[in-house]
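Participant: The following block contains the structure, expressed as structure tokens.
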Amino acid sequence: MIEEGAYSLPDGQLSLSGPRARPATGTLPIRGDLAHIALAERYLCAHYVIPHLRTVGAAGADLLCQQRDRTDVVTRLEPGTRVEALDYAGNWCWCCLGPEGPSGYLHLTELEPAD
């Protein structure tokens, strides 16, 4: 994980040299609509986001593959783990541990309150 403010916009025009294999769910922080800004020069996506840091709460949390309770667990996050929040939808946060992953979903209640 990188400290907040460490990511910047890429210089110049973004372009790709050819097709790329789609990363497996729970690995790189990229979805069909959104990707981590650090992936902008490797993966074409409709939107890129510069993440902001959040902290996993005292109970720890399971990083999930999908935004629902009964789904596969990507990894277990210990209390105090810093994550990079990329998107929020309802009671869920899509986040990652860094631009190389892993990535997944957490309940907002599993995160400490935002600063």
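The values are calculated or read from the model by the stated rules, or taken from the named source; none is laboratory data. Owing to the predicted nature of the structure, the values given are computational and were not obtained by experimental measurement. Here the Cβ is made from the backbone with ideal geometry for all residues, glycine too, and neighbour counts use every protein chain on show.
Participant: Pairs only if they're at least six apart or on different chains, beta carbon under 8 angstrom, first in segment 87-115 and touching a residue at least 40 places away in the same chain (Cβ under 8 Å), second among the basic types (Lys, Arg); list them, first residue then second.
Facilitator: Listed pairs, sorted by first residue: TRP94/ARG31; CYS95/ARG54; LEU111/ARG54; GLU112/ARG54; ALA114/ARG54.
Participant: Can you list residue pairs whose Cβ atoms sit under 9 Å apart, with the first residue in segment 21-36 being outside any loop (DSSP other than H, G, I, E, B) and modelled with pLDDT of 90 or more and the second being surrounded by 15 or more Cβ atoms within 10 Å (Cβ to Cβ) and polar (S, T, N, Q)? Count only pairs 6 or more apart in sequence or on different chains.
Facilitator: Final answer for the pair search is ILE30/SER103; HIS36/SER103.
Conditions (1) surrounded by fewer than 18 Cβ atoms within 10 Å (Cβ to Cβ); (2) of a type outside the set (A, V, I, L, M, F, W, C); (3) over 12 Å from PRO29 (Cα atoms), marked per residue:
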{"site": "LEU44", "(1), (2), (3)": "yes, no, yes"}
{"site": "ARG68", "(1), (2), (3)": "yes, yes, yes"}
{"site": "CYS96", "(1), (2), (3)": "no, no, no"}
{"site": "PRO113", "(1), (2), (3)": "yes, yes, yes"}
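Participant: Has segment 71-85 got at least one residue that is surrounded by fewer than 14 Cβ atoms within 10 Å (Cβ to Cβ), closer than 30 Å to ASP11 by Cα and in contact with a Phe, Trp or Tyr (Cβ under 9 Å, 6 or more places away or on another chain)? Before you say what the answer is, go through the steps one by one.
Facilitator: First, pick out the residues of segment 71-85 that are surrounded by fewer than 14 Cβ atoms within 10 Å (Cβ to Cβ): 72-73, 76, 78-80.
Still in the list and also closer than 30 Å to ASP11 by Cα: none.
Checked against the condition, which is being surrounded by fewer than 14 Cβ atoms within 10 Å (Cβ to Cβ), closer than 30 Å to ASP11 by Cα and in contact with a Phe, Trp or Tyr (Cβ under 9 Å, 6 or more places away or on another chain), segment 71-85 yields no hits at all.
Participant: List the strands (runs of 3 or more DSSP E) that sit entirely inside segment 60-115 and contain at least 1 residues that are at pLDDT below 95 and on the phi > 0 side of the Ramachandran plot.
Facilitator: none
Participant: Something else about it: Could you please find all residues in segment 71-86 being touching a residue at least 40 places away in the same chain (Cβ under 8 Å) and closer than 17 Å to PRO51 by Cβ?
Facilitator: Passing the criteria: VAL74, ARG82, VAL83, GLU84, LEU86.
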